[in-house]
1. What does the charge dipole of the stretch 55-152 about its Cα centre add up to, to the nearest 20 debye, if the Cβ of each Lys and Arg holds +1 and the Cβ of each Asp and Glu holds -1?
2. Given Cβ point charges of +1 (Lys, Arg) and -1 (Asp, Glu) and nothing else, what value in debye, to the nearest 20, does the dipole of the chain about its Cα centre take?
3. Find the relative contact order for the chain and round it to a whole percent, using C-alpha pairs within less than 8 Å whose residues are 6+ positions apart.
4. May I ask you to list, by number, the DSSP H helices of the chain whose Cα span along the axis is at least 30 Å and whose average Kyte-Doolittle hydropathy reaches 0.0 or more?
5. How big is the antiparallel share of DSSP beta bridges in the chain, given as a percent to the nearest 5?
6. Hey, which lysines would be in cross-link range of residue 290, C-alpha to C-alpha under 24 Å, not counting anything within fewer than 8 residues on its own chain?
7. Quick one: net charge of residue 141's neighbours, Cβ under 14 Å, K/R +1, D/E -1?
8. Using DSSP, restrict attention to beta bridges with both residues in the stretch 135-302 and report what percent are antiparallel, rounded to the nearest 5.
Amino acid sequence: MKILAIESSCDETACAVVEDGVTELVSVVASSKDFHEKTGGVVPEVASRKQLEFIFPVLERTIEDYREKMGYSGKEEAIASIDALAVTVGPGLIGSLVVGVTAAKTLAMSWKKPLIPVNHLVGHIYANFIGGHTEITFPAVCLLVSGGHTDLVLMKGHGDLTYLGGTVDDAAGESFDKVARMMGISRYLGGAVLSKKALECKEQGAAKLFPRPMLDQDNYDFSFSGLKTAVKRYLDSGERDVSSTAREFEEAVVEVLTAKTMKAVNNFGVKSLLVGGGVSANNRLRESLKSETEKAGVKLFIPEPRLCTDNAVYIASAAYFNNVTKDLSDIRAEPSLNIMGLI
Ligand code: KG4
Ligand code: ZN
C-alpha cells in the first residue's frame with residue numbers, strides 16, 4: 001500500500017510517499033527556518049504564509065520524483081498508483097496546519113482517494129518503523145522529545161498508546177533553543193548548535209553546575225524551565241566559557257531524560273524503547289540511552305537524524321499502521337497540547 005503524506009504543522013512543508021509503512025520512496029522537505037532566524041523564533045503568520053508558498057512546489061516535486069523513481073510514464077499513472085493520502089492534523093500552528101489539511105482534503109476529493117488523519121507526535125514515533133524494524137516488540141516505551149513536547153508514552157500496540165507523563169513547563173527542545181539564544185550562539189532552533197559547542201569542551205565529566213529537575217520525583221514528568229533559569233543566572237554572574245556551559249546544560253537535560261525514560265522502561269518491563277522528535281538527533285542523548293538500554297538488555301530504536309526532525313515520511317508510516325480513514329468533512333486541523341487528544 002502506497003501512502004502520500006503531507007506534514008505542515010510548523011515551519012516545514014513536507015511531502016513523502018511510503019510503501020507499506022516502512023519503505024521510503026520519496027521525501028521532499030522545504031523549510032522557512034531562515035525567516036524565523038531573523039526574528040529569533042517562529043512568527044506563526046510568517047510560517048503559514050510560507051506554507052502557502054511552498055505547498056504546491058513541494059507536492060509537484062514529490063509527484064515528479066515519485067514518477068521518475070517508479071518509472072511511470074506520466075503524472076496520471078503515478079497518481080493512480082497511490083492508494084491513500086495522509087495528513088498531520090495537530091498538534092501544531094493552526095495557520096500552518098490548515099494549509100496541509102486543505103491541500104490533502106482537496107487532493108483526496110479530486111483523486112477520489114481515502115484520507116488518513118495523523119497526530120504529529122504519534123508520527124514522530126513511527127520514524128522508527130522506516131526501514132522495517134521488525135524486531136520492535138510491544139509493549140514499548142516511547143520518549144518523544146521535540147521543540148514543543150517532551151512526553152513518555154506506553155505503546156501496547158499500533159493505536160494503543162497510554163500517556164505516562166511529560167513536561168510540566170518547557171519542552172526539552174525549547175530549553176535547548178532558549179539556552180542557545182541566551183548564550184548568543186543561535187537565534188532560532190539552537191539545539192544542534194549548542195550540542196556542537198558542548199563537544200568543544202575539553203574538560204572530562206560534568207561538574208554538575210545545574211539542577212536535575214524532578215529527577216527524584218516518583219512520576220514520569222519533566223520540568224526544564226528552572227534549569228533554563230539556573231543557566232541564565234550562571235551566565236549573568238560572570239564571564240563564562242561557552243563550551244563548558246553548553247556541556248553542563250546538555251548533561252543536565254540528558255541525565256534527566258535518560259533516568260525518567262529508564263524508570264518507565266524498568267517499571268513496565270518493556271523490551272523496546274522507541275525515541276522520536278527533533279531532540280532525538282542529539283548525540284549525547286543517543287549515547288546515554290544506548291549505554292543504559294544495553295545494560296538493561298533492552299532494544300533501543302532511534303531514527304537516523306534526518307528522520308528525527310519534521311518530515312512527512314513518518315506521517316505516512318503512522319497512517320499505514322493506524323489506518324483509520326475518516327469522512328472528509330470530519331478531518332479538521334486541530335491543534336492540541338495534549339498528545340492523547342488526537343489518538
Ligand atoms: O521535532 P522537531 O523537528 O519539531 C517539533 O515538532 O518541535 O524538533 C525541533 C527541536 C528544536 O527544539 C531543535 O533545537 C531540537 O529539536 N534539536 C536538537 C538537536 N537537533 C534538533 N536538540 C538538541 N540537539 C540536537 N542535535
Ligand atoms: Zn516534530
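No lab work stands behind these numbers, since they all come straight from the coordinates. Keep in mind that this is a model prediction, so the values were computed, not measured. Using ideal geometry, Cβ is built from the backbone for each residue, glycine included, and neighbour counts are taken over all protein chains shown.
1. The dipole magnitude comes to about 240 debye.
2. Roughly 280 debye, rounded to the nearest 20.
3. That works out to 25 percent.
4. 242-268
5. 60
6. Cα-Cα hits under 24 Å: 156, 196, 197, 202, 208, 260, 263, 271, 299.
7. Working: positive: 156, 260, 263, 271, 299; negative: 151, 160, 292.
Overall, the nearby charge balance is +2.
8. The answer is about 55 percent antiparallel.
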